[in-house]
Structures are given as C-alpha cells and as structure tokens.
Amino acid sequence: MEQHFLDLNLIQWLLMAVCALFIGMSKVGVPGVSMIVVPVLAIIFGGKQSTGVLLPILMIADLFGVLYYRRHAQWSYLWKIIPWAFVGIGLALWVGEVVNDGQFKNIIAILVFLCIGLMLWRDRRKEQFFPDQWWFAAAMGILGGFATMIGNVAGPIFAIYLLAMHLPKNSFIGTSAWFFLIVNYSKFPLHIFVWKTISWSSLTLDLITIPAIALGAFLGIQLVKILPENVYRNAVIVITALSAFLLLV
C-alpha cells in the first residue's frame, strides 16, 4: 500500500517548507545549508523513503543553478569524475536493497558526519594539494556517487574534488551545478523502479514545495550579502550534527 505523503501534521509541513527553503538557498551560493535537510527528512519519512522525497526537490533546485551558471562549467573535470560517480551509485543501490530502514538511517548519519568532517578539514587547510590523477577522481567519484545515492550528501565530497582543481568561483559553481543535475536526474528512474521511493503522492508533495524553493533562492542571494560566513557555517555545522545524531538515537 502506497504511503500517503500528504498526510503530514502542521509541524511536518513547516519542516518541509523550511527544508525546501534551504535547498533553494544552497543552489545560489549558500554552501552546506542543505546538509540540515537530509537528517530532518529522514526523521519524518524514514531513511530510505526520505531520499525519494528529497531527490525531486533537488532536481527542481538544480535547474536554478544550471540556468544561471551553465556557461561556466569545466567539462573536462566532469568527464573524469562522472563515470566513477555512477559506480558509486551502483554500489549504493545494492546496499540500499540489503539493509533495513534503521541501518539505512545509520548509514545516512555516518555519511553526514563524514561530510561535516570533510568540510571542517577543508576549511582548516587553506593551501591544500591534491594530485590531478585518475585515481583521485576515481576515489572522489565513487565516494560521491555512493553518498549522493544513499543520502543526497555528496556536496562536500565533490567540493573537495573541485577545490583540488583550483577552479575560479564561477567555474566551481557552474561545474557543481551540472554535476548534480546530471547525477540527480540519472538517479530519478532508479528511485522509481528499483527502490520504489518515488510515487505520485511524494511527487505531489515535492511540487507543493516549489514556491519555498524559489523563495529560498531569493533569500539565499540576500543572506550571502549580510551574514558573516563564519557565523553561518558554524550554525549549519552544529545544527546538522545534532540532526544527524538524532538518526542514531
């Protein structure tokens, strides 16, 4: 029997709106804020099912990023990592079929903590060096593909790959936008036909969030201008860590 995703209470509807708002903000230059969304939705819908709820929201938001930064993508770097990302997606697809929902939520929580650690490590190493070798792209691609399929949390992993390539700001954002649009749209049929985590009910819920996504994109542009980055990032990390911890309880 299909789960009725529209049967949410008031608090859950408010959380959905906030999550969509954060996703919209994350696609216009507010990095890391979408990390909060992953554990929150997992608490509401369950680990595996939440990934199917979140994916179409990400797909809608991806269009904002690609439409604005589409000309800045560096395709040479995308071709190096995308095939390996599909390997990671395939691995995650198998894992998702053999674990129960409690284990699935634990995996999401662990990946969230891993990504938080990667963000902190990246911030501390201002002058970092990574080799521009095939094995580095392969490692980042497989890990990123696994993370994006299991919990939609590949952002920090892909960011480290692009930082290693020393891309300028617009190229960084444009390349990221195209990477996630390609990967997320590729995952869509897998969620429908293999995991069966996307249904007409969940898609209806996602479509309702479009105004919140658009509002988030607008607010994100304004927020970047006025909020000190260190204050914002510390708040995101703390709230995300607490949310992920709740998945383990």
* How would you classify the stretch 1-112 from its alpha-carbon gyration tensor, with a ≥ b ≥ c the square roots of the eigenvalues: rounded for a/c under 1.5, else prolate if a/b is greater than b/c, otherwise oblate? -> oblate
* GNM on the chain, C-alpha springs below 10 Å: top fluctuator among 194, 30, 66? -> 194
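Subtracting the Cα-Cα distance from 0.36 nm times the residue separation, let me have the gained length for residue 241 to residue 207 in nm, one decimal.
On the way: separation 34, 0.36 × 34 = 12.24 nm, distance 2.82 nm.
Full-extension gain reported as 9.4 nm.
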* Structure fact -> Within the set 221, 11, 107, GNM on the chain using Cα springs under 10 Å gives the largest fluctuation to 11
* To do: Kindly provide the helix-only [θ] at 222 nm of the chain, computed as the sum of -39,500 (n - 2.57) over DSSP H runs of four or more divided by all residues, to the nearest 500 deg cm²/dmol?
  => -26500 deg cm²/dmol
* Selected from 201, 76, 26 as most flexible by GNM, with the chain as the system and alpha-carbon contacts under 10 Å -> 76
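Could you tell me which helices of the chain pass both thresholds, a Cα extent of 18 Å or more along their own axis and a mean Kyte-Doolittle hydropathy of at least -0.5, with helices taken as whole DSSP H runs? Before the final figure, lay out the partial values.
Working: long enough: 10-26 (24 Å, 2.09); 47-69 (32 Å, 1.09); 75-98 (35 Å, 1.17); 101-124 (35 Å, 0.86); 134-151 (25 Å, 1.41); 169-193 (37 Å, 0.63); 210-226 (25 Å, 1.88); 229-248 (29 Å, 1.36).
Span-like helices in the chain: 10-26, 47-69, 75-98, 101-124, 134-151, 169-193, 210-226, 229-248.
Report the FRET efficiency, 1/(1 + (r/R0)^6), for residue 163 and residue 200, where r is their Cβ-Cβ distance and R0 is 41 Å, rounded to 0.05.
Values: r = 40 Å, r/R0 = 0.97.
Efficiency, from the Cβ-Cβ distance: 0.55.
Which entries of 80/187; 48/169; 48/80; 48/225; 27/187; 80/196 have Cα-Cα distances beyond 27 Å here? It would help to have the intermediate numbers written out before the result.
Values: 80/187 19 Å; 48/169 34 Å; 48/80 29 Å; 48/225 36 Å; 27/187 18 Å; 80/196 30 Å.
Exceeds cut-off: 48/169; 48/80; 48/225; 80/196.
Can you give the FRET efficiency for residue 193 and residue 225, using 1/(1 + (r/R0)^6), R0 = 45 Å, r = Cβ-Cβ distance, to the nearest 0.05?
Numbers: r = 43 Å, r/R0 = 0.95.
The pair residue 193/residue 225 has a calculated efficiency of 0.55.
Laboratory data are not the source of any read-out in this text; all were calculated from the coordinates shown. Values in this document were obtained by computation on a predicted structure and should not be read as measured data. Every residue, glycine as well, gets a Cβ built from its backbone with ideal geometry; the counts of neighbours run over all protein chains shown.
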